[in-house]
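Scroll down for the structure; my scribbles are underneath it.
What follows is calculated from the coordinates using simple rules that are stated; it is not laboratory data. Values in this document were obtained by computation on a predicted structure and should not be read as measured data. Quick reminder, even Gly has a Cβ in these numbers, built from the backbone with ideal geometry, and neighbours come from all protein chains shown.
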Amino acid sequence: MSIASALRRLPLGASLVVCAGLNAQRPARPAPQINNRALLAHLGFLADDALEGRNTGSRGAAVAAHYIAAQFRRMGLEPAGDSGSYFQALPLMSRRAEPRLQASGEGAGAELRWLEDYVLVPRLADSLSTVAGDVVFVGHGIVAPSHGWDDYKDADVHGKVVLVLPGDPDSTVFDRRMGRPWTSVREKVEVAVRYGAAGLLVLQRPDSPGWDVLRTLGDERLSLVYQDGLAYWGWVRDSAATRLVASSGRSLSDLAAEATRREFKPVPLPLRLDATLGVTSRPVPAVNVLAKLAGRGPRANESIVFGAHYDHEGIGRPENGDSIYNGAEDNASGIAAMLGVAEALARGSVRPGRALVFAAFVGEEKGLLGSEALVLAPPSSVGKMVGMINADYLNLYGATRDIGTLGNELSTVGDALAAAARAENLSVRVDPDDVARSRFFRSDNYPFARAAIPSIRIVNGVDYVGRPAEWGREQRERYWTERYHQPDDQIADWMSVDGLAQQARVVERMLLLLADAPRAPAWSAKSDFRPGSAR
Amino acid sequence: MRNGAVRRAVLTALSLLVAERSQAQQSAAASRVARAVEAHVLAAHLALLADDVLEGRGTGQRGGEIAAKYLASQFARLGLEPAGDDSTYYQRIPLIGRTAIPSLAVAGDSLEPESDFVAYGVGRDSAAAQSEPVFVGYGIVAPEHEWDDYAGADVKGKIVLALAGIPADQDSSLFKGARPDYGFRQYKVDEAMRHGAAAAFVVYRAEAVPVPWAQLARSWVGEQVQLDRTLKSGALAIGGWINDSTARRLVERGKRDWKALTSAAARPGFRATTLPVALQAAVVTRTRVIPAVNVVGRLPGSGRLAQEAVVFGAHYDHLGIGPAVAGDSIYNGAFDNASGTAGMLTVAEAFVRAGARPARSVIFVGFGAEEQGLFGSEAFVAGPPLPLARIAAMVNIDGLALIGESRDLAALGADQSSLGELFRAAAAAEGYRPTPDTAPVMLEAEQQDFFNRSDQAPFARAGVPPLFLMPVQNDFIGRPALWSKEQLDDFVQRHYHQPSDDLRLGLDARFGVRPLRVLARTVLAIATQPAQPTWTKASPFRAAGERRLNGQAGAVSNER
């Protein structure tokens, strides 16, 4: 059934699609019942032009959030947001800094020029906008026990400003594609936070992104307000970085050479950096939408999260006269699946052993902000999150014989996927292209993984029923080149929810398997996200 | 006992058994549907529809569009069949906004717009009429009262003057139990149009119009929202009001006595008369199209009667964003009528969840553009998804009192047709007593003419028997006797059509469950019973009902 025509005319005869597959591990649980016409209805509403592309902070996103909450409430799911509501408000600001950054020290100080010599992004509440600290050079700022790498050693950087080099010290050590992206600025910020630093500055090197790109970090931007002590992160331009380090009597190239070795130890520099951030802030209304199916029994305080982001890119540059970036695949599809699964479970009589939390995230397109906010400060009714399944652009192309995933080898959540897929007669596929493009780290499962909560991402298979072998890959390629983050990512006549229903059934089975299992999901031994591996 | 008698006895016993079984089945089905009405479903729809993000669901505004799309998405989710235009859920309401620049001159002397008269164009952008005016008394043609103000008159191409109100205003022995709309401007202008007049002015009279002239006239200045009705006959192009003192001057310039003329109009046998004075009327109109829709979904019936239907409706529109009151510019319409719309969706969900497949189809309708003048229901009746003869009944919610549990429940219109019996049985099944006609809220409803002020009215005028759930019960458990009336008065005075009609009223969805169960049972009963409901003998809508069943509904009744 094509979606556009189906939205216009839905026969009643297309009643519940009942899966006859076998539940491999828990025969007591009924087979999943995903209602295809409900998937269509959710998709049609969320991807409608009236929702104006659901941009974070926009009225379209607010309508989407209220729609999702209304569906949760209608199903009889409990609210799991702030103070008994379905909404978790994000501490989200649109901010612009006009800082002053003054270096002082034995080798005479210098004022660095905003946007010419450096750029930085404030992280804390506006009131905490004056930061002064001694400076420590911490090499590449990486702490990765699983790789036997520790740039911080036992250095005390508490309240200090750390200078780090971008990227990695040795391209043979870190797998940039599938392993945890230790070498990313995001991870370096995470490490600096853990060590109590007050500021982090990345020193631009010749192979770094160009300054014209980096300086746009100084534009007004959306960011969460953190409460962890790291006041800012940013970049220092290569020429200024060289001068800054030289003013302390050291040579940046010498330090960089030292930092390529495992034995490298942090180097305190006889420098202070005084920053006045001069932040202008505008709060941006944005909410995650959270609902819960309560668990029963001794593990009811633990929860398994099924998440999908509902935000997209809003209204933007017109393409062929269309300026609404509807995000039908990215990610009305994921929300439709989430609502479908939630309804099937809410309507059933199951009470899972662990609570099931349905989380519709905002701010994904702005940098996984909604999922990060949930991980950082979960409302109490969410319980202790012990596992997470993420749906981000799901299948609107038709039924498949396989289901795609990322992160299945990292934790026992992958085992649940294998069992659930088997019960639905689907094979599990990890697509090399997804791995090559680091797609595990580009969606809302990643903040959960960083917080050591085993997580997985569900993506599309490539083996479509009734299609030639290469058809699925061609469709994906066309999506990435023609529609991804374009106004054309919208409802079209050729779409079908048969594949989406398959994915929803798999997730429904996974949720019950994970919720009922005696042991909470666990990272596999080789995973970089095991709690021990990051400390 | 003879063979035939035995056979008859067996057959009788069998048919009794079958009837009993089918009754038992019906009652089981009704209980299933009733039980499937759930508070959290009602709460969910209400919370969304009344939220500020829906921006008051204004007609032609973004919030109204989103509300319509929400209804369609819910119909789609439930698997209702699209029953709007072109196999969609949307039925376009041909709504237009018209701004008129009128002029009216008596023997060459221009009258003052707004203080002397107001006028609007009908169906065209520029219209003019010129004639000696014909005074047609009250401008009523009512065979049931043996009354015809147009008898013997030729008004083709002429300007008509008609008094506001009905002859009963002067002589209370006349027009007993008359259709209420005989007194209305719309009726009088339409009647003039049917007789071929080129322009019709209704003469304002304080005793017949509940608002002062200044207020009435002001309401006609600026954009008028209306249905874009194509003219079916006649040449009438201008309608309007004329101030009584102005009319009097005009009559006197025609050398006629105003008092004599107006009192003659209230006497049986009145004959229209031409006033010998030159009158010129002209209107230039600017028109824009206002996007508005009804949202229509059909739960198909089963068997022979599936071609007939029961309409279950609620208007989803409200006033949108408007002038701020106490810093709030969003007219949420939580009670009016997010509550009813949510109730309609909740009943639709209950029918689907319970797997109900009654004999007649049930057509669920979210009406648009109610607040500007019942335009959604007018448009529905004018272009129904199936012939009106096959629409057995209409059930409407406009305001669901979510303020307490009551001992009683009432529906307006129940005394007009056999629907009353079905409603009373359904209410009894949920433990309700009938609300006495003399209850304070019922008297208020009558005085304020609730029945003619919501979407059931166009259906009634087209001959479709309706029920309108009384927006507030009388006897709330744990409340003093007059509490209900106080609540109603308080709402009308402080919140009606104000931004404060919002979720802060503290509406509690749990209190909607039983009333909605009654409506679900009622709709199911109407959809199940073999024959269509009938108007009572005394009902003023009975004639319209007969026209409807004879397939004559449409042109005449729809234009009122």
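Tabulated data
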{"quantity": "Set of aspartates and glutamates with alpha-carbon distance to A:Lys292 below 12 Å, sequence-local pairs under 8 removed", "calculated": "A:Glu78, A:Glu302, A:Glu343"}
{"quantity": "For q = 0.11, 0.19, 0.22, 0.24 Å⁻¹, Debye-computed log10 I/I(0) when each Cα of region B:362-467 counts as one equal scatterer", "calculated": "-0.37, -1.07, -1.32, -1.44"}
{"quantity": "Descending semi-axes in whole angstrom, ellipsoid equivalent of region B:56-211, from the Cα gyration tensor", "calculated": "38, 22, 16"}
{"quantity": "Compactness of region B:434-560 as Cα Rg over 2.2 N^0.38 Å, two decimals", "calculated": "1.26"}
{"quantity": "Share antiparallel - DSSP beta bridges, region A:360-512, percent rounded to 5", "calculated": "35 percent"}
{"quantity": "Debye, to nearest 20: dipole size of chain A, +1 on Lys, Arg Cβ, -1 on Asp, Glu Cβ", "calculated": "1560 debye"}
{"quantity": "Semi-axis lengths, Å, the protein assembly as shown, gyration tensor of Cα atoms, sqrt of 5 times eigenvalues", "calculated": "67, 38, 24"}
{"quantity": "Centroid-to-centroid separation of region A:90-127 and region A:456-517 [C-alpha atoms, Å]", "calculated": "43 Å"}
{"quantity": "Antiparallel content of DSSP bridges confined to the protein assembly as shown, in %, to 5", "calculated": "60 percent"}
{"quantity": "Per-residue Cβ neighbour rank within 10 angstrom, fewest leading, B:Met344, A:Met75", "calculated": "A:Met75, B:Met344"}
{"quantity": "Taking the convex hull of Cα positions in region A:212-259, its mean projected area over all directions (nm²)", "calculated": "5.2 nm²"}
{"quantity": "Share of pairwise Cα separations in region A:414-535, more than 18 Å, in percent", "calculated": "63 percent"}
{"quantity": "Farthest positive-ward along region A:281-374 dipole, Cα basis, beta-carbon charges - from A:Ala342, A:Ala355, A:His309", "calculated": "A:Ala355"}
{"quantity": "Helix B:244-253 axis, angle to chain B major axis (alpha carbon atoms, nearest 10°)", "calculated": "40 degrees"}
{"quantity": "log₁₀ of I(q)/I(0) at q = 0.27 Å⁻¹ - region A:358-401, Debye sum with one point per alpha carbon", "calculated": "-1.08"}
{"quantity": "Cα gyration tensor, region B:58-119 - rounded (a/c under 1.5), prolate or oblate", "calculated": "prolate"}
{"quantity": "Average projected area [Cα convex hull, region A:335-387], square nanometres", "calculated": "4.4 nm²"}
{"quantity": "For region A:288-297, 3J(HN,Hα) per residue [Karplus equation, 6.51 cos²θ - 1.76 cosθ + 1.60, θ = phi - 60°, Hz, x = Gly/Pro]", "calculated": "7, 10, 10, 9, 9, 9, 4, x, 9, x"}
{"quantity": "Rounded to whole Hz, the Karplus (6.51, -1.76, 1.60) HN-Hα couplings of region A:505-511, x for glycine and proline", "calculated": "5, 4, 5, 4, 5, 4, 4"}
{"quantity": "14 Å Cα-Cα reach of A:Lys265 towards aspartates and glutamates, excluding residues that sit fewer than 8 places from it in its own chain", "calculated": "A:Asp150, A:Asp151, A:Asp154, A:Asp156, A:Asp254"}
{"quantity": "Taking region B:386-474 and dividing mean pair separation by its residue count, relative contact order in percent (alpha carbons under 8 Å, at least six apart)", "calculated": "52 percent"}
{"quantity": "Sorted by Cβ density within 10 Å, fewest first, the residues A:Asp444, A:Asp498", "calculated": "A:Asp498, A:Asp444"}
{"quantity": "Unsatisfied cross-links (Cα-Cα over 26 Å) in the set B:Lys158/B:Lys188; B:Lys156/B:Lys188; A:Lys160/A:Lys384", "calculated": "A:Lys160/A:Lys384"}
{"quantity": "Three-way shape label, region A:60-190, alpha-carbon gyration tensor, a/c 1.5", "calculated": "oblate"}
{"quantity": "Distance cut-off 19 Å, percentage of C-alpha pairs in region B:295-384 lying past it", "calculated": "49 percent"}
{"quantity": "Point-charge dipole on Cβ atoms (K/R +1, D/E -1) for region B:53-143, about Cα centre, debye to 20", "calculated": "580 debye"}
{"quantity": "Selection from A:Ile68, A:Leu512, A:Ala256, by position along the positive dipole direction of chain A (Cβ)", "calculated": "A:Leu512"}
{"quantity": "Chain B - percent relative contact order, Cα under 8 Å, separation 6 or more", "calculated": "20 percent"}
{"quantity": "Overall Cα dimensions of region A:189-242 - principal axes, largest extent first, Å", "calculated": "32, 25, 15"}
{"quantity": "When region A:317-358 is reduced to its Cα atoms, the Kirkwood hydrodynamic radius in Å", "calculated": "12.8 Å"}
{"quantity": "Volume of the Cα convex hull of region A:104-164, divided per residue and given in Å³", "calculated": "139 Å³"}
{"quantity": "Tail weight of P(r) past 35 Å, computed on alpha-carbon pairs of chain A, percent", "calculated": "37 percent"}
{"quantity": "Ranking of A:Met495, A:Met93, A:Met388 by count of other Cβ atoms within 10 Å, fewest first", "calculated": "A:Met93, A:Met495, A:Met388"}
{"quantity": "Student exercise, region A:382-517 dipole from Lys, Arg, Asp, Glu Cβ charges, in Debye to nearest 20", "calculated": "340 debye"}
{"quantity": "For region B:390-433: rounded, prolate or oblate by the Cα gyration tensor [a/c cutoff 1.5]", "calculated": "oblate"}
{"quantity": "Debye intensity ratio in log₁₀ form over the Cα atoms of region A:145-273, taken at each q of 0.21 Å⁻¹", "calculated": "-1.59"}
{"quantity": "In sequence order, calculated HN-Hα J values of region A:365-370 (Karplus, 6.51, -1.76, 1.60; Hz; x Gly/Pro)", "calculated": "5, 9, x, 6, 6, x"}
{"quantity": "FRET efficiency, 1/(1 + (r/R0)^6) with R0 51 Å, evaluated for B:Ser329 and B:Ser27 via beta carbons", "calculated": "0.55"}
{"quantity": "Residue among A:Pro298, A:Pro318, A:Ala286 farthest towards the positive dipole end of region A:282-365, charges placed on Cβ", "calculated": "A:Pro298"}
{"quantity": "Long-range amide H partners of A:Tyr393 with built H, under 5 Å", "calculated": "A:Gly334"}
